[in-house]
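As structure tokens, the structure follows; a few thoughts come after it.
The values are calculated or read from the model by the stated rules, or taken from the named source; none is laboratory data. Predicted model, so just to flag it, every value in this text is computed and none were measured. Note that we place each Cβ from the backbone using ideal geometry, even for glycine, and neighbour counts take in every protein chain shown. Ligands, DNA and RNA are excluded from the accessible area calculation, which covers all protein heavy atoms including side chains. Shrake-Rupley method; radii C 1.70, N 1.55, O 1.52, S 1.80 Å.
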Amino acid sequence: SNLGFGGAVNEAARRSSATWLVAANADIELCAGALRALITVGTATPRAGAIAPRLLLPDRSIQQSVFSFPSLTATILSNAGIHRLRRQWARRIRLEGRWDPTVQQEVDYAMGAFLLIRRSAFDAVGGFDADQWMFAEDMDLCWRLRDAGWSTVFTPAATILHVGGASTETAFGRLGTDALKLAALYAWLRRRRGRAMMTAFAAANFAGAMARYVGAFVMGVFASDHRQARFRNARDWLNINRRAWPLMRAARTESSSYAQ
């Protein structure tokens, strides 16, 4: 059966006694010396439970791969556009494009396209949560590592090439994949922080998406190509939220099959 990403990694880990584990997507390629560099950083930072490399997209641009844990306050302020006024705040919560990928740093969580994981830390938290079937399993692992006293470290010393969405977008399409990611976030919120928090996040995102859509529509009707592109992006974000909403409701049943 398809165990999901986290469940499959757990199964592989049970069959290994290695000191270090690697959780990796299928659409990655290691650059020279990347694994050795990650192990070097992990050895030098004994409380690091997970070490994340710098990810490069096919055009060799740096992919945003580190994030802050979800915060309702940050979600509301982001939907209100406050990050455009306070750059320092945007950097602090690591909004997309607002972080420094040249500096090794401790982060809340890192994208699981490629993660080096300390075996003792992995075992201490029980590995990945198999109920987080697809998407957000990396965030959940780093959340539980932090609660157990471990950290997640990003290092630019190791570089991994990452196609990004190669299999999921083929299966679900770009908007469908983004809706599944959002639904996975809601499922995680339900599991870790309760139904009320999950519903509040979903409501804030939907309200923000609707306001963004209306504003972009008004500005983009007889406007420049740039504003029309903003309208299309706002329309897509609204559709993603609309698709994620019923999946969020399904997640309330605490079924692990919302993405299957």
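Just to be sure before I move on: is residue 190 assigned to a helix (DSSP H, G or I), open to solvent by 30 Å² or more (accessible area, probe 1.4 Å), of a type outside the set (Phe, Trp, Tyr) and modelled with pLDDT of 95 or more in the structure I sent?
no
Kindly indicate whether residue 222 is open to solvent by 90 Å² or more (accessible area, probe 1.4 Å), modelled with pLDDT under 85 and assigned to a loop (DSSP other than H, G, I, E, B).
Against the criterion (open to solvent by 90 Å² or more (accessible area, probe 1.4 Å), modelled with pLDDT under 85 and assigned to a loop (DSSP other than H, G, I, E, B)), residue 222 qualifies.
Tell me which helices (runs of 4 or more DSSP H) are completely within region 1-118 and hold 2 or more residues being at pLDDT below 95 and either of a type in the set (Val, Ile, Thr) or in contact with a helix residue (DSSP H, G or I) (Cβ under 7 Å, 6 or more places away or on another chain) (or both), or say none if there are none.
Those helices (runs of 4 or more DSSP H) span 4-14, 72-79, 87-92.
Output the number of residues of region 54-69 satisfying the condition of being within 21 Å of residue 209 (Cβ to Cβ) and surrounded by 19 or more Cβ atoms within 10 Å (Cβ to Cβ).
The total comes to 1.
Among residues belonging to region 126-162 that are without any contact (Cβ under 8 Å) to a residue 60 or more places away in the chain and part of a loop (DSSP other than H, G, I, E, B), point out the one that is most open to solvent (accessible area, probe 1.4 Å).
Taking the candidates together, the pick is 126.
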